[in-house]
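Notes to accompany the following structure.
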Amino acid sequence: MATRGERVAISGASKYFGPKAALAGLDLQVEPGSFVVLLGPSGSGKTTLLRCLAGIERLSEGTIAIGDTVVAAPGTHLPPERRRLAMVFQDYALWPHMTAERNVLFPLRQMKLPGHEARERAHNMLARVGLAHLAGRYPNELSGGEQQRVALARSLVGGVGLLLFDEPLSNLDADMREQLRLAISTLARDSGATSVYITHDQSEAFSLADRVGVLRDGRLVQWGTPEELYRQPASPFVARFTGICTEMPVTRAGSPVGAPGAQALEVRLPGAGGAVVTASLPRPVGDGTALHMFVRHSAVHIVAPPDAQLMAQVRDVAFAGRGYEHALAADGPLLFTRTFCEQRWPRGASVGVRLNPEGCLVLPAEGPHLGGGQALAGNDGGLVDLTAAMASQLPPGPAS
Amino acid sequence: MRAKAADVVRHYGGQWLVWAILAFLVAVPVGAFLVQVFVPRLFDQGTSWFTLSNFTQAFQGHVLLGLFNSLWVSTVVCVLDLVIGGGVAWLSMRTNIGGRRIWPGMMWGLLLVPTWLMAQGWQYLTEPNGVLSQFSLYSPFVHHVIFSPVGVVLVDALATAPYAYLTLSSALGGLGSQFEEAVRVHGGGRVATFRVVVPVLAPAVLASVALVFVETMSDYGVASTLAYQSRFPMATYGIYESINNLPAQFPVAGAISILLLASAAIPLALQSRVTRGRSYAILSGRTRPATRYRLGRAARWVLTSAVGVFFLLALGAPALGAFAGSFVANLGSPLGGQALTLANYREVFSGSIAYSHSVAEGASGTSGPVLLSTMLAAITATITVVVGLAVARLLSARRPGRFTKAGDLLILGSIALPGIVLGAGYIFAFNLPITSHLGVDLYETLPLLVMGYLATSIPTTSRIMMGPVAQVHGSLMEAARVHGARALSAVRSCYVPVVSRVLVLVWLVTLTKTFWELPISQLLYPPGEATVSVAIDNWDNNYHPEVGAAMTVVALGACFVVIGLVLGGFRLLAPRGWRRLGGWRSVA
């Protein structure tokens, strides 16, 4: 039942709510059959963009084309039911007066499919999401995960060319999220449709997407594969939003080495007698530019003191299944959160720290520190202010 | 810029029509009626371009006495209802009193009983040669008490107790036990607990006071029946008299209306002043249901009986009065005998007795009023539900605009508007020469009466429906559109079923309220086409209350039949999925 995915072309899309621009001239091209995730904090415009794509909201300016059809342009607004798409909603949006089966039948009835054929397709789709045995239940008789699987079946059953996902996992618990993430990833790709998925969760975005678009203030600030975003963030905002354990101002201690885009640079960490470490330089920077270093969790390693670049004190330790996550405070003041080590280091212990250059990203400093705590909601970056305060209370001693 | 302008038009365009309808139904006629008090010449009601002299007339004699009476009666009723409504609320929400599952439903039932019907039931019961005298239980003392300001206060208090009950019971229900537990674990006894909890309930108490005060001030039912029979003038009846005079004194009626509206603003302003800038939020996700006090056996029996007596007085006594009175010949007349008769029912159905012109006019055809009221109420309820649903959706919009807020104010103002003022405004506005010049000849027609009904029912219904409508997430409709349904189809298949039970219940409430509506009916009914309330009132005022009682029983029966048919039909015909959603709780 594979479908041909639709190409989506968005050009100069703007949407105003009163004086506020929720979308500010956004451009985006989505290849047919690809799975695209739009990542951004609340207020970044991702929901508005999805609703404009669906036709629920009207664009104020710009155009949207789905396949060969211009669905939104100045003076043109194709209503949702004529855009040949389907959508999975954050709150499931199952009709409470219909059984699971009737919810899934709905799109087929709108397509005027013969009754027996529609029922067979609905049944098959419910079976594919593992809910054939619950077809006769009403939404309130299903768990949250089951309801969202019904919603997924409803979106897939019509065989449309474009699937929209509005943070479908955000109301589910951790176990259910993983199961449903897998179901969405496989079933959406199997369907052949183009998928546009929005979320504020970076790990969800990276695990689902062929390509990720990062949105901020109604604009697309970076577009690339998950690997590109992680290794070569275009800005401190993207670096922070894609997960860091700490950030700090640094000074040059050498000249860039290597080919542009994959350069390395020696930098000096803040604090008296600051250590010099090697970091990655995702994009060239001018000589006089103030620099910031963003450290990924995976870049921080606890090592024996002889191999250490700097010394730190264990402020906290948490069991994390395969090992332990430590919060390490160092002179600067610096605080590295969620530093993984298979061995448990006790609170107050002095440990050596080594930073992997690939996970230390040097970018031009941008605006005030942590511009917008809201932007970092649900992300480790939100901890930095708090942990910096913790680090500043370090007793004199083990730090270098 | 053009795109932005287009957005604004699209966003607000749908609202214009709804607000225009409301403005036409309420704001324009009532506004004109009130403005003519100050600018009588504008409407050919006097020679002055600006005057306050109409207030001088309202501040003297009979009219002033009416205003004074209304004020003190409303104040006493507020206090009584705090005790009665608050007591029943506390007992049914916070104790193990018997019948606590029944009392809330009874309160809702009581809310549907028009005050004039209750007052007349008491009249039938206690008047000389009334129902009690048929059983040799007549007491001159009881008669004098009921046909006095005490009786007026009693009936008003019984009739408006549900408003106090509903505001206080929701607050008491939401008030978890944590406040009381916090006092107790920190060393406070029962008195300290009471002193802590009562201020937490302050907004509900004030809301209750405001609501009961406004309802009593604006009530016309008791004022035109029991109070009128007791020679006890009240403000709302003063408006009616001013218009019914020859020549009609619209400026004086308008002045009384303004004073009535201004007095209603007093408790509302007090409520706003006390609660401004303070948070009384008591409901949260962590609120645990309060534990119920376990009453002792004797206390439980006594208090259950007390609540039972309240409902007996509020519902039982008037019902008995009307039912038993309908079988008495010449009820309340010195000619009245002990004989029981069915002649009153024959009169209801045949209309053979020719009484005075006004009675014949009010009751000709005589089962006609029941059918007419049923038809008008059904039309009103249907239009109200459709428009009310649209208004409720606009008011509970995710992004309310300026028009929404203005509309909400208009709705709130309309709810607070007494029916008698609205009716007077209609008579005034639709009787003006300019209205006729504009080709709007609706005066003394049934469409105007229905418009009056709509003007009172749409605002209330819209507010009632806001709660259930706000609970329906917008994504249900969006999901329907995204999955291929056109706008109307989405409303029909994915929205209406979700709110269907609420719509049916609201339809029935509107039907019942309209069926028994008195002040607007009395002012606007076309000659020869009396509604149920007008016909019953005419029979009573023309010394044939026994026929009025019989018509009350017939009309009650008709009302129950319609309610039964609709509820039964919904139960039998609506798909299972529709029936399991919503319901009265979501409205309440």
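Since every read-out is calculated from the coordinates, none of them should be taken as a lab result. Predicted, not measured: the structure shown is a model, and the values here were computed from it. Positions of Cβ are generated from backbone atoms using ideal geometry, with glycine treated the same way; all protein chains shown enter the neighbour counts.
With helices as the sole contributors, chain A gives -7000 deg cm²/dmol at 222 nm; each DSSP H run of n ≥ 4 counts as -39500 (n - 2.57), and the sum is divided by every residue.
Out of all DSSP beta bridges with both ends in the protein assembly as shown, state the antiparallel percent to the nearest 5. Can you show the working numbers first?
Details: 64 of 84 bridges.
DSSP beta bridges in the protein assembly as shown are roughly 75 percent antiparallel.
The order of B:473, B:143, A:133, A:200, going from fewest to most other C-beta atoms within 10 Å of their C-beta, is A:133, B:473, B:143, A:200.
Do any trypsin sites (Lys or Arg not before Pro) in region B:168-274 lie in a DSSP loop with no more than 12 other beta carbon atoms within 10 Å, and if so, which? Walk me through the numbers before you get to the answer.
On the way: sites: B:184, B:190, B:195, B:231, B:273; in loops: B:231.
Answer by residue number: B:231.
Computed FRET efficiency, Cβ-Cβ of residue A:322 and residue A:289, R0 35 Å: what is it to the nearest 0.05? For R0 = 35 Å, the calculated efficiency reads 0.35. Each of B:194, A:340, A:89 has some number of other Cβ atoms within 10 Å of its Cβ, and from fewest to most they run B:194, A:340, A:89. Where only DSSP H runs of four or more residues are counted, chain B gives -22500 deg cm²/dmol as its mean residue ellipticity at 222 nm, each run worth -39500 (n - 2.57). Toward the positive end of the charge dipole of chain B, about the Cα centre and with charges on Cβ (Lys, Arg +1; Asp, Glu -1), which of B:445, B:567, B:425 goes farthest? Result: B:567. Each residue in A:23, B:572, B:422, B:432 was given a count of other beta-carbon atoms within 10 angstrom of its own, and listing them fewest first yields B:572, B:432, B:422, A:23. On the principal axes of its alpha-carbon atoms, chain A has extents of 77, 46, 39 Å, going from largest to smallest.
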